[in-house]
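**Q** This is the structure I have questions about; it appears just below.
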Amino acid sequence: MMNSIPFTIHPDAFIHDCLTSLTHLIPGISAAFYLVDSHLTPTQHLLSGIDPQTHQDYLQSFLPIDPLHPRRFNHLPIVLAALGESGRTTDFYRRFMQPNGIHDMVEVYIRQRKRIVAGLSLMRDRTFTLAERLKLRASLPLLELATEELIPCDPQCRLTPKEQQIVEMVREGSCNKRIALRLDISLSTVKTHLRNIFAKTNANSRTELLSCLGMACDRDYLM
């Protein structure tokens, strides 16, 4: 887990291209990409179509009461949240959105190991349709790729659930045959999974694998 984000987003970062694509994909939107610090507070904002002074007003006076703040959604398995009708009864809507001509907002959350590490706020002067929200949901893999360029992902979070299960069994000292028996898969499938795990973690052995993932081996293992 990151403790701080001491850098700025480089002008050549892929996220710039993502924002350009999204603003062309859905007409009339303004957007703000941001990273999320260890306190689940948005930081390092990258703006598209948003007045800098309006953004400063938001940070100084309205960020804590934003109904789509990442802190409100980090514990939920949600990657996209819309303002909805209830959001239009809040002080945030009356005091910030209405005076700035914003009618609707959608938030996309980017996670690493289930924790929100970045987000994208999208807003405009009319309601987002269901089709438009689905388009934004479909853009998540690109946003995840762009975020990983800024915040390199822990090697373990690149592993599939099955691969993570095999890594845990390796940590316990299980040999390939034991893994195959416990998971009810063939020995060749176990070896294929291990090759993929080694490739994703740049490890050349089980010892290097566990070291890379910060895991200690319970006992000696058999090759």
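The values are calculated or read from the model by the stated rules, or taken from the named source; none is laboratory data. Computed from a predicted structure; not experimentally measured. Cβ sites come from the backbone with ideal geometry, for glycine too, and all protein chains shown count toward neighbours. The area values use the complete protein model at the heavy-atom level, side chains included, leaving out ligands, DNA and RNA. Shrake-Rupley method; radii C 1.70, N 1.55, O 1.52, S 1.80 Å.
**Q** Take the residues in region 111-133 that are touching a residue at least 24 places away in the same chain (Cβ under 8 Å) and among the polar types (S, T, N, Q); name whichever of them is most open to solvent (accessible area, probe 1.4 Å).
**A** Thr127
**Q** Could you say whether any residue in region 172-188 is at pLDDT 90 or above, of a type in the set (Ser, Thr, Tyr) and assigned to a helix (DSSP H, G or I)?
**A** So far as region 172-188 goes, yes, one or more of its residues are at pLDDT 90 or above, of a type in the set (Ser, Thr, Tyr) and assigned to a helix (DSSP H, G or I).
**Q** Right, Arg137: open to solvent by 10 Å² or more (accessible area, probe 1.4 Å), outside any helix (DSSP H, G or I) and in contact with a strand residue (DSSP E or B) (Cβ under 8 Å, 6 or more places away or on another chain) or not?
**A** Numbers: open to solvent by 10 Å² or more (accessible area, probe 1.4 Å): yes; outside any helix (DSSP H, G or I): no; in contact with a strand residue (DSSP E or B) (Cβ under 8 Å, 6 or more places away or on another chain): yes.
Considered against the rule, which asks whether it is open to solvent by 10 Å² or more (accessible area, probe 1.4 Å), outside any helix (DSSP H, G or I) and in contact with a strand residue (DSSP E or B) (Cβ under 8 Å, 6 or more places away or on another chain), Arg137 comes out as no.
**Q** For region 1-91, please list each of the helices (runs of 4 or more DSSP H) lying entirely inside it that holds at least 2 residues being in contact with a strand residue (DSSP E or B) (Cβ under 8 Å, 6 or more places away or on another chain) and under 16 Å from Leu122 (Cβ atoms).
**A** Numbers: elements: 14-25, 52-57, 84-87.
Once the helices (runs of 4 or more DSSP H) in region 1-91 are filtered for at least 2 residues that are in contact with a strand residue (DSSP E or B) (Cβ under 8 Å, 6 or more places away or on another chain) and under 16 Å from Leu122 (Cβ atoms), what remains is 14-25.
**Q** Across region 31-67, what is the number of residues that are touching a Leu at 6+ places or on another chain (Cβ under 8 Å) and surrounded by fewer than 14 Cβ atoms within 10 Å (Cβ to Cβ)?
**A** Total meeting the criteria: 1.
**Q** Considering Leu150, Leu136, Leu142, which residue is of a type outside the set (Asp, Glu), under 30 Å from Ser30 (Cβ atoms), touching a Ser or Thr at 6+ places or on another chain (Cβ under 8 Å) and touching a residue at least 12 places away in the same chain (Cβ under 8 Å)? Walk me through how you get there before you give the answer.
**A** Working: Leu150 fails: touching a Ser or Thr at 6+ places or on another chain (Cβ under 8 Å); Leu136 fails: touching a Ser or Thr at 6+ places or on another chain (Cβ under 8 Å).
Unique residue meeting the criteria: Leu142.
**Q** Can you name the residue in region 82-102 that is touching an Asp or Glu at 6+ places or on another chain (Cβ under 8 Å) and at pLDDT below 95 and, of all such residues, is nearest to Thr129 (Cα to Cα)?
**A** Applying the filter and picking the extreme gives Ala82.
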